[in-house]
Structure formats: structure tokens, C-alpha cells
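Here's the structure we're looking at; comments come further down.
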Amino acid sequence: MNGPLIVQSDKTLLLEVDHEQAADCRRAIAPFAELERAPEHIHTYRVTPLGLWNARAAGHDAEQVVDALVEYSRYPVPHALLVDIAETMDRYGRLTLSKHPAHGLVLTTTDRPVLEEVLKSKRIAPLVGTRIDADTVAVHPSERGQIKQTLLKLGWPAEDLAGYVDGEAHPIELAEDGWALRPYQKQAVENFWHGGSGVVVLPCGAGKTLVGAGAMAQARSTTLILVTNTVSARQWKHELVKRTSLTEDEIGEYSGTRKEIRPVTIATYQVLTTRRKGVYPHLELFDSRDWGLIVYDEVHLLPAPVFKFTADLQARRRLGLTATLVREDGRESDVFSLIGPKRFDAPWKEIEAQGYIAPADCVEVRVNLTDSERLAYATAETEEKYRFCATTDTKRKVTEAIVRRFAGQQILVIGQYIDQLDELGEHLGAPVIKGETSNAQREKLFESFRQGEISVLVVSKVANFSIDLPEATVAIQVSGTFGSRQEEAQRLGRVLRPKADGHQAHFYSVVARDTLDQDFAAHRQRFLAEQGYAYRIMDADEVLG
Amino acid sequence: MSTEEKSAAPRSLAEALRVRDDVSLAALLRSRPDLITPVPTDLTQLATRAGTRASVVRALERLDRFALQTAEALAVAPDPASYGELLGLMAGDEEDPAVAAALPRAAALLREQALVWGADDRLRLVRTARELLAPSPQHPSPTGLGPTVREATAGMSPGRIQEILAAVGLRSTHDSVSAVSALGALFADRRRMAALLAGLPAESREVLDRLVWGPPYGQVTHDPAAHLRALLDRGLLLPTAPGTVVLPREVALHLRAGRAHRAPEPVPPPVEAAATHRPQVVDATAAGQALAALATVDELLKEWDEGGPSVLRAGGLSVRDLKRTAVALDVPEPVAAFWVELAYGAGLIASDGEADERYAATPAYDEWRELPPAERWARLAGTWLTATRTPGVVGGRDAKDRTLSALGPNLDRSAAPEVRHRVLALLAGLPEGASPVAESVLARLRWERPLRGPQQQRETGTGAARDDDLRSRIARWTLSEAELLGVTGRGALAAPGRALIGAPEAPRPATADDTGEPEGPGDKLPVHHHRTPPVTAPPSPAERAAATATAARLLAPLFPEPLDHVLLQADLTAVAPGPLEQELADVLGVLADVESKGGATVYRFTPGSVRRALDAGQSAADLHAFLARHSRTPVPQPLTYLIDDVARRHGRLRVGAASAYVRCDDDATLDEILADKRAAGLGLRRLAPTVLAAQADPAALLEGLRAIGFAPAAESAAGDVLIARADSHRTPPRAAPEPVPDGPPAPDDTLLTAAIRAVRAGDLASTTPRKPGPAGEDGGGEDGTPGGTLPRTGAAETLATMQAAVLTGEALWIGYVNAEGAASQRVIAPIRVEGGFVTAYDHTADEVRTYPLHRVTGVAELADDAG
């Protein structure tokens, strides 16, 4: 009894990472426990019903789960918890969704009272059709996602054996010339394909696009890729042409400006959620071809209208990609139930240790407001307060000092407020990319930044996602979208692409002390801190001095 | 007892007892302690007492199922019966070997308990027991047997009996008694009986089959069908009442092949093992749970530390408070009730007895906290084992349909300690590390202490499920509570739990006891205590103390060593990978918030928690030193920074109380004031160069400053100068005078009613016609004038009349002189006369009053028509 694992009564598992058995233990508990936090010494996993059911779906039984806990636990595992695990896992598979030769999609049960119980639920009633026999009830094919989601909420998850449609076949191969999928990418593709549908969580810069490409090469069918914006769409296209057998002509872009539908179509969330006269005209895209695979890039940003539509697509394979499955609206579980469970997740630090993302030095620089600013801050309207403290003048001085310190390196300055960015751009003599910057202009600036023609770029939140800036080594965040954890992670991701010279990346977050800014910063950093990124805190004087 | 069989046959229970040796008498008294409270004077008295109904019922209720079945069989056997007859009834014609083997033990047990006496050839069940167990129409026997032929034919006409004799082919005799015995003998004769039954139609035999295992009574119509008539004619069914017939006992026994019980249970059902775990796993799990139990009790007490929930008027905890506690402890409500009751039982919480009664920790809790963990646990477990309060019934309803609340009254179930002890003893009998099948434990308990009259229950249907009785419920609770408390681990009894009940420390797997193998035949001596129900006498306090001490000693090494370090992480959490030393845990509990509990504890540092530590008097340097001391790894920079950051702001704003202030733009003036000795009484303190705070109130301050020679001006709350006129003099708060009206205030209805009543009562006293005084000296001719003189009697007579009135409950008319010498007359009904006072209901005043007898001038009885 001296294992690396401590099983807490609140169903969290604490794993001591420095323990010699830690790696074995991690493998044993990974199928059913969610990694919640991964700081330096003790990683926290959580055992959730969803995790246990996913483990069941992947073929693990309660006995294995209990064995894993008992085997590695340092202290005796509370009996009640073991009983609870067995009971929870036992709930899975009492209900099955399957294809019936005569009745189409049906819900069958091995335990009649359970079926009676769920059919009594008001939320299930509208989703099912006629009762075929005592143990079987017909389900509308279009409600497949909905009923799965609802059953999950009722605590009787259905095992989905109805399978997937193959979709329209289209040959896609990875063109592995001079490069190959990294082991974890291969593993992610494999897990996804084995599981049918689901979400792959990889740190920024760890090559999620390639996981998408790998999945497409597995599916060998027409694919719809949903991305956040046009720039990102172009990059996907560029990457796909470079990494696969697909040619430019086979890849269509479906955005505000172009409406191409090709065997592989890349659409933006924005165009899908455009609303005219109360309807979403572009949602037809989902039905415009017999897609064999749908890829959701940055699935944590999936807009709500797409949720509803995704529910109707349960017969197609779905792949979600994200770096941080934290949604500030708390709808993570909807993502899991509609796209699929998490199929692959790698702690950031583990990928860093393998050398696929650059190590990063995270620093929070605390600046003091000047006396007059403090007074103004104290009297500012509540909704103006954050803006006020986030755009203090001192931040500009600190930013300039940091830029000076890293002169010669590629530096990104990221912020929320256009005025502040314009002013910074002026002082630093750097171009500013913001919402009104045209796409052509953006790409031009990105290209020259990539080529090293300009070394400092000031960007607003438009550049939060999916812009590929391979050689940025320093990022300075001067303000953000309040306490958004995933924005922080995405921004750190801007500097995590591995550097040619193995250089360390630097991430500076400039924060006004004793203000809302500081509170938000603490919240923003939480996700990364839990991933093991230890922020150092510096005083502005240390930077300026 | 063997001596008893050798001596001349005893003629009574007393004689039988007299020949028993001391050991065997001691055994009797041990198992029936009610016989020696109070100690009887002689054996005759002991025998009499042993035959009283209450004592016999008590003894019968404590018999195991087989002994009870044996007693029941004896009750349907002839009196006296030989051992052979008893064996026949129990083992049947085919002579079940298991029964034959177990019967000597049961017989010996009954004899030991003085329920049966007499030598083997003349076994007698004590009369009371026989009455209790023998079948009667009102109380059918569990054997399902009816009355004997003799009993059933009592009162039957001799002619009818002759007819029956003729029908079964017996020689007729005019003597009814011998006729009945002949019939009985026929029924008891297997061979002749078989022939008789063979001659019956099949339907008739079906009827008998239906009645054979009881209840033996059946209904017949006035004109029975042929197959019933055949039975009635032959006396195989005998009428008991119009329309009712009974199957005579002899017939039933023949049909049952001689067996009194359908299913004799000579062997206790074995306790089955559900699973076997390694003893180390069991002990470790139990220890983990024991630790969790301590933590839970601690948490409960902490939760209630600053004023627990209030006590209901009827006593106990309200449902809402229990719910709240359950939420706080993160357990279901019944479990919360268990912990609350446990803490209460151990004397750690109690009602504070204030006017607004609340539950709070007792001083004993503080002492308990100081104990080492294992001893703390032993105290809880020891309390639990012997407690009669059963948290399991909380939430149910008592006989008066009141909800039973936790910590409330009526939770005591006297059977609880014995059942708990017995359940654990059964677990102790299993091989090490084996967890029992709960059902088998319950079955075993039911065998050891069967409910009497299960048949009645089955009939009325009130018994419902078989394991719904209190003892079974307590047994179930015991199994789950033992797990919660860490007496068992994964269902199996752990070593400390084993020590707790005083069971041997190292049990050999599977003793003969538990496989339930019968002992060798012929072993009749009453030394089967391990097979009989447990001795009801609880272990002495000294034994218990020794057992808990041993349990604590065994548990201590199983607890993980308390740690003196934590792991600090950059995400501002600290993980204690095990139980912490008390002191460390206390400080950390203030400095950080607990996020997750269990084997380990996860703490999170927040600005709020750090401030809490600073508020508690720690300085930032203290905190840094504390963390550095208790961290195995370097303290993460963000944590250091957090502490410094909070400390930097901590206490920057200061708050204090002052009654008045002095402000002046000129620092020098304030220096001057502070330096002046005369200002010392004003309690001045400099807050800032231009501000002084004073403890004196503004008026006194103004006065004081003027006295020194300054000319201060008063300021309003808004800072304006107050233009003060000469001080107006004021009294302290005073009430306005009440108006004094001319006459008395108008009476309200209540007052009026009371007044009328008093008047009427006084009227009664004065107008009631009286009997003439016995001495005839009470005012002579004035008798007829109501409202006249007071009655006047001598002191002795007054006393005698009063005492008589107490007995008869009559009302008296008295003359009374009050302390001021005013005479009055009253009508009273004396209740008590003692110590020179009479306590009486005074009809005049309409209340109970006490009068000194010496002030009563005289007394007279009221005339009969009074009132």
C-alpha cells in the first residue's frame, strides 16, 4: 500500500507524478478518469459518471476500474466509492440504440423497468415513436442525438450501436514526404477512429490540423470542416494541400465571400450562423453533400445554433478539435454528448517534454496605477472599470521595455482595446491588425512577420485563433476578454510552436495591480496553471529598471 | 444435572431444583436473571417464580428455534412424556438423525432453564409454559396441531362416541373414558390407522391433507358432503363448535409420520461468506474508514462549533437541521443521523440548556480531541457497541405517530446492544477476511431468537416480510454502521473490531461452530453456551474497557503516520498526501481553504484565506517561514507573491472607535493641546498631523478645551460649524404621567365574569343550609338565618370533620379569620389535612387554597341539597 494514487471521497484522484509507478497508474486510470489539473507535483483526476460510461463504451468493465484504483491506491479506497462506481457503470448498456431491419432506429432495453422509467420522462416522450414490443420502442432517426443527450441527463446512457453512414467516398491520402504524424497524433487519430466520433484535445501548436488530416485519410470520404474564421479556413486549405493528396481544386471554401462546395469543404462558423428573417440559410450546407466526416475546429467555440444542427447529424462521424475544452458558458457536456466523448487528451507539459511544443516562460508583470489613475479608477462606472485599469499608461511603458529587452526576436503584442493597441502600435512603430483590417492586408502582414521583415506585430482578439505565426517567440498580453481561461491558453499557444533553435518562448501578461484586471488575470491563468504552467510574478519596476 | 437422574424422581419443579448442583443452578440464574431480583428466600420460592407467566414468557423468548420447537413439541406431548416420546415427535417415524443428534442439547437446555423438569422417562414442561405453548382455538400452536381426541370429545354425548367406535370397528364400551382412550390408541397406532385411512375415499384424504400441517380447523356446512361425513363418522374430524371441525392431534401426527413440526431446525443456519479479502486489505480499509469516521465527527463538531442547531421543544433535531447537517457532511440523511447520534452517545455533543436551547460540543469533546486517534476511535466504537439508542429508526414514527427525530426521545431499543454484539460475534466466527452474506446473518439471528408465533403473523398478514422485525432491522443497521465506523472493512470484521467485542485475536478459519455440525450424540451437559443464544449479561465495564483498549492498541499501527509536510504547487494549491499533524492541519486550515478531503487533503490558497491567517495574528514572515518549514519543495513564487500582496494591503485601512475629534489646520495648536496636562482626561490621540481623536464625547471635549483656554467650535456631521446656544438642560428619558380619571376605569368582560363568579360563590357559602353541628352548639337558633354567625366547633372536632371530608370528598362550610382578624365564611372541599394546614378547593374563591387550621373557627357540613 504505497501507490502513487490517493482516492478522495469526493471522487477525485490525486496522482503523485514523481512516484515511480506514476506512469503505469496514469495509463490505468486514463480510460475512465478525466484529467482535471496537472500542476507540478500532484495531478488531479476526476471520476465522473460520463467518464465511467465512456470507459464502458470502450470495453472496460467495473472490475477493471476497481482493480486499477485498488492496485495503485496508497490508502484503502472507500468502500462506498467502489460500490458507487460499480453501480454507475452498471447503468450503461441497459438501453441500446440500434438499427432494426423493419422499424429503423429503435431503442431497446435489457431491463424493462428502466425503459418504463425513461419513457415516463416528459423529455423523452416527444423523441420516441411507437412502442414495438415490451422491450423496444422506435426512435426518430433525426432525434438520435437528442435522445442520447437526454438519456445521458436522466442517468441511463444508451449504447449507440446504430453505426455511421459511410458518406460519399473520396480518396484522401496523407502525403508523408519528409515528415510523419507524431506518435501522439497517430494515437489521437486511432482513438478517434476506434471510438467513431469524439473530441481530441491537444495543446495549441501541437498540430491539431494534422490530426484532422489524419482522420480524413482514415475516412477517405467527403469532409466538411468547420473553422472559426476565413484566415483559419485558408490555413486549413494550405495545410491540407501541403500534407495530403488533395489538390486546390478539391477543397472548397464556404465563407462570407465565397460559396464553394467541393469534396472537402471548409466553412466558417460565422457563415453558418448568419441569420436572415429568423432562419439560418447556410445550415443547408450540412445536407448539401453526403458528408462522411465532419470536423469541428476549435470546438470550444462551437456556436449554439450549430449545437442543434449537430444533434441531427448523429449518423455521421464527427471529430472535434480543441486545445482547451473549457467553455465559459459551461456547455462542455453538450459538446461531449453531441460531438462525442473526449477521445484523446494530452497534458501540455507532456507534449512539451516530448519536444513538440516549445517550453514557455510565463510571467505576470504587475504594474501600479498612478495616483490619479487610481482615483479615476475608483470613481469609474462599473462597466468601464475593467477597460480603465486594463489600459493604464504604465502598461505601455512596460510593454515598450519588454519589446526592447527582446529586440530582434519576433514579438506579438495582443490586446483587447483598439485605442490601446493603436497607441501601442504608434509607440512601438509596429503595424496593428484589428477587426477592420482587410483579409488581404492581414495576410500580407502575417507573411512579412513570418519572413522576419517586421519583428513586432500588434494584434487585437481577431488573431486569437488559428493564425499560424511560426516564429513568434514572445507574446505580450496587455488586455483580454475579462477572465476568459481559454483565451489565455490560445494566446499562450501563439508562442508554443517549437522554435527552430529550441529557444524558450516567453509569454508576458501585463496586469494592473489591485484592480479588476488582477482578479481577471488570476482567473484567466487558472487553466494554464492547472496544466502546469507556473506564472512568475514580476513588478513593473523590475522590468523598467 | 446428571445427579438428578440418579436420585428418586422429583415430584415438583422445586424438588427438581433442589437436587441440582450449584453449577447448574448458577447456569439457570445466569440465563434467567429475573429470578434473582429480588433474591428468593428458598428454592420453593425460586420454583414458584420460575413458573410465573412473565418469567416463563421471558425465558421462552430467549430460546433458540430448535429449543423452542422442542418445548412446543413437549407441549403437545402427553404430560409427563418420556424422552423417547419427545424424540418421536421431533424426529418423526423416519428418525431424522440430525434431530436425534441435536435433541439432547435442546432438552438439556430446557432443563437447565427450568422450563422442563423430571427424569428422562418423565419429562414435564412447567405448567405455565405448557399453557402458553399448547394449542387452543384462540392461540394455535406453531406446530399446527389441534386438540387431542380426549380434549375434542369432552362434552360429546356418549351415544355419539359409541357411534364413532362402531364406525371405526372398535368394540363398544359404555365407559366414555375408556371409549375415548380406545379411539386415541387406534389413532396413534400406525398400522391400524393406515388400514382405516385406506378405506376412505380419495376426497376425504385430500381434506385431511389440507388440514394436516395446520391450521387444523375447518368449516363444514349443516349438511356435509359424503366425503366429509365419512371423516366425521369415523371421528377423524371432530366437531368443536357448530359448523367447525378440528383434526384431532393423534390423526394429524399419524399423517405427519409422527412429527410435531413440519420443518424442525436442529442445526443453526450457517453464516455464509460472500467474499474473502486479504486480512491486510480488510484491516487497512477499516482503518481508512475509522479515520474517515474521526474526520466526520470532527467536521460535525466544527460545523456546530459556533452554535449548533436548536433543540426542538419535544427534544431532538428538526428534520431541516438534519438535512442541513447531511449536506454539510456530504452524506445521506440516515448516515448523518448516525454520526450525530454517535457523537451524542459518546457525550461529545449535548444540549446547552440555555433558554434558547441549542446543541453544542461538550467539554468532553475538547478532552476527546486531545486523545491519540486510535483511542478517539475506540471511544466512539465502544459507545456505539453498547448504545441502546438506534439511529436507524430516525425518521420513522412512534406508536403515537410522532416523527422520531435524531437526538430526540424514544430512540432507545433495548435489544440493540445485544444484537450488535451478536452480529459482530457471528462475523468473528467467519474465517479471517471473510465478509458475510447479510441474509445468512439475519437467518442465523432469527434462528437464535425466533419470534414466537410466526404462524399468527403469517395468518394476519401484519408480519409482512420476514426480516422486518426490529431485531433484523437492528442487525442490518449494525452491518452498515460497522462499515461506516471501520469496525468492519469491505464487510469483514477487522482486527480492532474483533478485539472490540472481546473475540479471540487470531481466529482459526472455520471452526466447527460455524459450519453448524452437530456435536457428538449423548453430550447432554449444558456446556453449549457457544451454541445457545449469547449470554444476555453484558460484559462488565472493566472487560469492556480492556476490550476497547486492545482495539485501540491494534488500530494505532494501522493508521498512517501523520505527516509534517505538504506539497505546494504553483496553481496555489497545497496537497497533504495523508493525515497531517494536528497543529499543521490547524494552521493550514486557516491559511487555505479545503477543496477536497479523503485520504489526502487538497488546500487552495486565496487572497481571502491568506487574509484570514493575517487576521488571526500571523505576519507575512510567519507564513513564509511556516510554508518553507512544511514544504518538501521550494515554495512556488506565485504563492510567496500572493502572501506578500495580501499582507501589503492587510491592515492598510484601520478602523477604530472614537467619540469625538479635534481638527485644526495648525499642527502646533494640536501639539500644544496634547502637551497640556489638563487635556489628559479627554483621551486624545493623534491620528494625523491635523486630527486628534478623543474618547470623551463632543460636549465634554468642548468643555475641556474651553477650560484649557481654547475657543473650539462644534462641527455638525457634515462639517458645518454648529451655532450652539447655552446648553439646554435635559432629564434622562422619562415617561409622561398617566392621567388620573375621576372614578375607577370601566371593567372589561373578563373582569366582570370573574367578579360575578366570585360573588355567586360567596353567595353559595353564606346561603347553603347546614346540618346541625354534632355538638348542637353551633349557634343554636340562628341556624335558619343565612349569612348569620360563623360556625363554631372545637379544634378536635374541626380536625375530625375535615379529615372525614377528605375521605368522602364532601364540601364543608367553615368560618375563617384571616391574618387581619377579619372573619369570613367559605365553602371548601378539603383535599389534604396535614401539618396544621388544610389544603382545599375553595368554592368561594374558585381555586385551591391552603388554610391554617388554627384560623378555622368552626366547621359544618353542608345540607345534602346544597350545591
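The values are calculated or read from the model by the stated rules, or taken from the named source; none is laboratory data. Not measured: the values here are computed from a predicted model. Every residue, glycine as well, gets a Cβ built from its backbone with ideal geometry; the counts of neighbours run over all protein chains shown.
Details
- Test for B:PRO539: is it farther than 15 Å from B:LEU430 by Cα, modelled with pLDDT of 65 or more and part of a loop (DSSP other than H, G, I, E, B): yes
- Verdict on B:VAL168 being surrounded by 14 or more Cβ atoms within 10 Å (Cβ to Cβ) and assigned by TED's automatic domain parsing to the domain that holds B:MET90: no
- Any chance A:ALA86 is surrounded by fewer than 22 Cβ atoms within 10 Å (Cβ to Cβ) and closer than 26 Å to B:LEU479 by Cβ: yes
- Checked against the criterion of being within 9 Å of another protein chain (Cβ to nearest Cβ), surrounded by 15 or more Cβ atoms within 10 Å (Cβ to Cβ) and under 30 Å from B:LEU485 (Cβ atoms), the candidates B:VAL566, B:VAL575 yield just one match: B:VAL575.
- All conditions but one from (1) over 22 Å from the mean Cα position of the chain (by Cα); (2) surrounded by fewer than 19 Cβ atoms within 10 Å (Cβ to Cβ); (3) hydroxyl-bearing (Ser, Thr, Tyr) apply to A:SER333; the one that does not is (1).
- Screening segment B:589-651 for helices (runs of 4 or more DSSP H) wholly inside it with 2 or more residues that are exposed (fewer than 15 other Cβ atoms within 10 Å of the Cβ) and not acidic (Asp, Glu) returns the ranges B:620-630, B:637-649.
- Residues in segment A:1-22 that are within 20 Å of B:GLN569 (Cα to Cα) and either at the interface with chain B (Cβ under 9 Å from one of its Cβ atoms) or not charged (D, E, K, R) (or both): 13 in all.
- Exclusive hit being more than 30 Å from A:GLY145 (Cβ to Cβ) and outside the structural domain of A:GLN146 (by TED's automatic domain parsing), set A:VAL65, A:VAL17: A:VAL17
- Which listed residue is more than 14 Å from chain A (Cβ to nearest Cβ), of a type in the set (A, V, I, L, M), buried (at least 24 other Cβ atoms within 10 Å of the Cβ) and farther than 30 Å from B:VAL437 by Cα, from B:LEU253, B:LEU322, B:LEU232: B:LEU253
- Contact map, segment B:701-730: residues that are under 15 Å from B:THR669 (Cα atoms) paired with residues that are at pLDDT below 85 and surrounded by fewer than 11 Cβ atoms within 10 Å (Cβ to Cβ), Cβ distance under 6 Å, separation 6+ or inter-chain. Pairs shown: B:ALA713/B:VAL721.
- Among the candidates B:ALA700, B:ALA680, B:ALA694, B:ALA675, residue that is outside the structural domain of B:ASP615 (by TED's automatic domain parsing) and in contact with a Gly (Cβ under 6 Å, 6 or more places away or on another chain): B:ALA694
- Evaluating B:PRO830 against the criteria (1) farther than 15 Å from B:PRO791 by Cβ; (2) crowded, with 22+ Cβ neighbours inside 10 Å leaves one unmet condition, (1).
- All conditions but one from (1) under 14 Å from the mean Cα position of the chain (by Cα); (2) more than 14 Å from B:ALA551 (Cα to Cα) apply to B:LEU385; the one that does not is (2).
- Count of segment B:266-310 residues, restricted to those that are among the charged types (D, E, K, R) and either within 12 Å of another protein chain (Cβ to nearest Cβ) or in contact with an Asp or Glu (Cβ under 9 Å, 6 or more places away or on another chain) (or both), is 4.
- All positions within segment B:198-220 that are among the aromatic types (Phe, Trp, Tyr) and farther than 18 Å from B:GLY258 by Cα: B:TYR217
- Pairs where the first residue, in segment A:432-445, is under 16 Å from A:ILE411 (Cα atoms) and the second is among the charged types (D, E, K, R) and surrounded by 17 or more Cβ atoms within 10 Å (Cβ to Cβ), C-beta under 8 Å, 6+ apart: A:ILE433/A:ARG442
- Candidates B:ASP676, B:ASP671, B:ASP644, B:ASP667 - the one that is under 30 Å from B:GLY704 (Cβ atoms), more than 9 Å from chain A (Cβ to nearest Cβ) and in contact with a helix residue (DSSP H, G or I) (Cβ under 8 Å, 6 or more places away or on another chain): B:ASP676
- Filtered residues of segment B:594-621 (kept if of a type in the set (S, T, N, Q), in contact (Cβ under 8 Å) with a residue 12 or more places away in the chain and within 14 Å of chain A (Cβ to nearest Cβ)): B:THR601, B:THR606, B:SER609
- Filter result for B:ARG249 (more than 30 Å from B:VAL327 (Cα to Cα) and at pLDDT below 85): no
- Residues that are buried (at least 16 other Cβ atoms within 10 Å of the Cβ), of a type in the set (A, V, I, L, M, F, W, C) and in a helix (DSSP H, G or I), drawn from segment B:198-212: B:VAL207, B:LEU208, B:LEU211, B:VAL212
- Number of positions in segment A:476-492 that are in contact with a Cys (Cβ under 8 Å, 6 or more places away or on another chain) and either surrounded by 24 or more Cβ atoms within 10 Å (Cβ to Cβ) or more than 29 Å from A:LEU210 (Cα to Cα) (or both): 2
- Qualifying residue in segment B:585-603 (condition: within 24 Å of A:TYR535 (Cα to Cα) and more than 44 Å from the chain's Cα centre (by Cα)): no
- Residue ranges of strands (runs of 3 or more DSSP E) in segment A:187-257 with at least 2 members out of contact with any Gly (no Cβ under 7 Å at 6 or more places or on another chain) and without any contact (Cβ under 8 Å) to a residue 24 or more places away in the chain: A:251-254
- Exclusive hit being surrounded by fewer than 21 Cβ atoms within 10 Å (Cβ to Cβ), farther than 20 Å from A:LEU544 by Cα and assigned by TED's automatic domain parsing to the domain that holds A:GLY480, set A:THR394, A:THR382: A:THR382
- Residue check for A:VAL264: of a type in the set (A, V, I, L, M, F, W, C) and under 24 Å from the mean Cα position of the chain (by Cα): yes
- Some residue of segment A:89-105 being more than 10 Å from chain B (Cβ to nearest Cβ), over 29 Å from the mean Cα position of the chain (by Cα) and on the phi > 0 side of the Ramachandran plot: yes
- Of all residues in segment A:29-42, those being more than 10 Å from every other protein chain (Cβ to nearest Cβ) and within 17 Å of A:TYR75 (Cα to Cα) number 1.
- Residues located in segment A:524-545, provided they are within 13 Å of chain B (Cβ to nearest Cβ), charged (D, E, K, R) and farther than 20 Å from B:THR606 by Cβ: A:ASP539, A:GLU542
- The number of residues in segment A:502-523 being within 13 Å of A:SER484 (Cβ to Cβ) and away from chain B (no Cβ under 13 Å) comes to 1.
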